[in-house]
């Protein structure tokens, strides 16, 4: 049977981070992408929809995207998934100092590491991991049923920063051009921040109108 998914986009925290509850409407299993504040509200929505949260998935390890991990795990028992490179970098003493300086709660180590090409499933929903280093060494995007969750790799009308520890402009543009811009133009882009003039976009729109590409 062809898989399908429900998507709920929530703006959380004080840096306009988009968190996503992605769920299977049949088996009622879910994963949450980048819980970065308002954890009780996220859990309330999960409970209201009668969902069982399996995983907390981070598109990358920056503290503005992982600051809710510990609380979400405590509230739900869900396992944390991240690319190993970012788990290693942002749980280093330097990474923890940066998080504290920004006023964010620290994330525990991930329970599960993923790499390019891996799949994360909740019920009949499957998301494919696309490793997109550049904004951070372990940045990932998640692709499923024509939906692409891009974290800080691709925004609506913009791209992520490359002036932070572990970033590389050359790697970033290679990731975007080789791994994202080659996807079907109708692929829906769900970004990691509410920075654009609308909350979502498509690969086609960004390919032809994003001034940074």
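Figures for the structure shown
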quantity: Segment 6-209, relative contact order [Cα under 8 Å, separation at least 6], %; calculated: 17 percent
quantity: Inter-probe distance in nm under a simple model that places probes 7 Å from Cα toward Cβ, at residue 48 and residue 84; calculated: 4.0 nm
quantity: Ranked list, fewest to most other Cβ atoms within 10 Å of each Cβ, for 131, 109; calculated: 109, 131
quantity: Among 53, 164, 143: highest mean-square fluctuation, GNM of the chain, C-alpha pairs under 10 Å; calculated: 164
quantity: Two-decimal ratio, segment 28-147, of alpha-carbon radius of gyration to 2.2 N^0.38 Å; calculated: 1.02
quantity: Residues 14, 20, 195 arranged by fewest to most Cβ contacts within 10 Å; calculated: 14, 195, 20
quantity: Diffusion coefficient, µm² s⁻¹, Stokes-Einstein with Kirkwood Rh over alpha-carbon pairs of segment 6-209 at 20 °C and 1.002 mPa s; calculated: 129 µm²/s
quantity: Contour excess over end-to-end distance, with Cα ends at residue 11 and residue 28 and 0.36 nm allotted per residue; calculated: 3.9 nm
quantity: Expected 222 nm ellipticity per residue - DSSP helices of 4 or more, -39500 (n - 2.57), all of the chain, to 500; calculated: -6500 deg cm²/dmol
quantity: Taking segment 108-213 and dividing mean pair separation by its residue count, relative contact order in percent (alpha carbons under 8 Å, at least six apart); calculated: 23 percent
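Read-outs throughout are calculated quantities, based only on the coordinates presented, and are distinct from any laboratory measurement. Everything numeric in this text was worked out from a predicted model, so none of it was measured. Please note: Cβ atoms are built from the backbone with ideal geometry, for glycine as well, and neighbour counts cover all protein chains shown.
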